[in-house]
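Values in this text are rule-based calculations from the coordinates and carry no lab data. Small disclaimer: the values here were computed from a predicted structure and weren't measured. Here the Cβ positions follow ideal geometry from the backbone for every residue, glycine too, while neighbour counts run over all protein chains shown.
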Amino acid sequence: MKILLTNDDGIEAPGLAALLEAMSEHGSVVVVAPSQPMSGASHQVTVDGPLVVHSLGADRYAVDGSPADCTRAGLLEICPDVDWVMAGINLGANLGVDVWMSGTVGAVREAALLGRRAIAWSQYFAPQDSVDWPLAGRAASALFPQLQQQVHPGSYWNVNFPDSADLLQDPARWQLAPLDHHPLPVRYEKQADGYHYRCEYRQRPCEPGSDVATCFGGLTSVTELKIGS
């Protein structure tokens, strides 16, 4: 099995390193990731100039572009023979309406559009907590075999791990959960230099049993998304 890894936190991100270690247990891995953080890039792609790709050694490439650019370049030019595309492990959850803004999810949506099986991996964390990346990697490695045979054509997986303290209690527990569609509780704080984004992320409304409720409740949420989601 051959796996393409990307992310939106940049090629030096610890979550990508954790996913690389985890997926190396399942096959050969090629990393094609943004040279700089591109969080919130959604499905942005480069069409008005050259897409610069830097080779950083065997099967490791940094792209001066977005996560979706990385998927495109990887599947069309760098490693067209891969079986899976995975993005993450993202620093922060990608739950509910986050999937419309997430570069992590945008990368695997592009993979699904190009006919590949794909998974977005994200790690929720509370502001006062730290992330246990090796634990998240082990959880991803254990969950992957369970998802391999379940993905449907035109669909892709969005996985969100709960905070590390909850994940540590039982890394194997997960739940299929539908996408929550409540808007984020966004506001702006006006300051001298402009409007500053504010969001009480943990206080977002959600439906019982949704991906938001599942992850905030301490379980790994697994959501099947379809092309267009």
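Across the stretch 82-92, rounded Karplus estimates of 3J(HN,Hα) from the backbone phi angles (6.51 cos²θ - 1.76 cosθ + 1.60, θ = phi - 60°) give 6, 9, 10, 10, 10, 10, x, 6, 6, 7, x Hz, Gly and Pro being marked x.
Full extension of the chain between residue 114 and residue 227 yields a length gain of 39.7 nm, computed as 0.36 nm times the residue separation minus the alpha carbon distance.
Within the set (i) 27.6, 91; (ii) 20.3, 73; (iii) 16.8, 54, the number that Rg and Dmax of the Cα atoms in Å takes when calculated for this structure is listed as (iii). Taking the Cα centre of the chain as the origin and placing charges on Cβ (Lys, Arg +1; Asp, Glu -1), which of 80, 7, 158 is farthest toward the positive end of the dipole? Highest projection toward the positive end goes to 158.
Hull surface divided by four, with the convex hull built on the Cα atoms of the stretch 14-123: how many nm²?
6.5
Please return the longest range in the chain lying between exposed loop sites, taking GluC sites (Glu not before Pro), DSSP loop only, at most 16 other beta-carbon atoms within 10 Å, and leaving the sites out. Let's see the in-between values first.
Working: sites that count: 12, 25, 200.
Within the chain, the longest run free of exposed GluC sites (Glu not before Pro) spans 26-199.
Less than 5 angstrom separates the built amide H of residue 7 from those of 88, all sequence-distant by 5 or more or on a different chain.
Note on 216, 125, 161: ascending count of other Cβ atoms within 10 Å places them as 125, 216, 161, the fewest first.
Under the simplified labelling scheme, the residue 76-residue 182 pair shows an inter-label distance of 4.0 nm, with each label point 7 Å from Cα along Cα→Cβ.
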